[in-house]
Amino acid sequence: MTTQSDLLTAKECAEYRRCHVRTLENERERGNGCPYIRIGRRIYYRRGDVDAFLADHICNSHDADKAAA
């Protein structure tokens, strides 16, 4: 069960991820960002979903070498 403390506003999520709120908006528009919850006009992110999103984007040096090739 999600508690209120588990929900982040877009501003809180951006601060947590160290990005701009506009980055989150762009990701939502493209469909490639964190899962989110929309209640009316308000957007929320579950902390666990944000953590999972970040974990899915962990790269190691080998990944960077392949991208450069």
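Of note:
- Residue among Gly31, Gly48 that is among the small types (Gly, Ala, Ser), modelled with pLDDT of 95 or more and loosely packed, with under 10 Cβ neighbours inside 10 Å: Gly31
- Per-region count, segment 29-45, residues in a helix (DSSP H, G or I) and touching a Lys or Arg at 6+ places or on another chain (Cβ under 9 Å): 0
- Subset of segment 1-40 [under 17 Å from Ala52 (Cα atoms) and acidic (Asp, Glu)]: Asp6, Glu12, Glu15, Glu27
- Any hit, segment 5-21, residues being modelled with pLDDT under 95 and not in a loop (DSSP other than H, G, I, E, B): yes
- Number of positions in segment 24-49 that are under 19 Å from Ser5 (Cα atoms) and either basic (Lys, Arg) or touching a helix residue (DSSP H, G or I) at 6+ places or on another chain (Cβ under 6 Å) (or both): 8
- First in segment 10-24 and surrounded by 15 or more Cβ atoms within 10 Å (Cβ to Cβ), second anywhere and among the acidic types (Asp, Glu), Cβ under 8 Å, 6 or more apart: Ala10/Glu25
The values are calculated or read from the model by the stated rules, or taken from the named source; none is laboratory data. Small disclaimer: the values here were computed from a predicted structure and weren't measured. We place every Cβ from the backbone using ideal geometry, glycine too, and count neighbours over all the protein chains shown.
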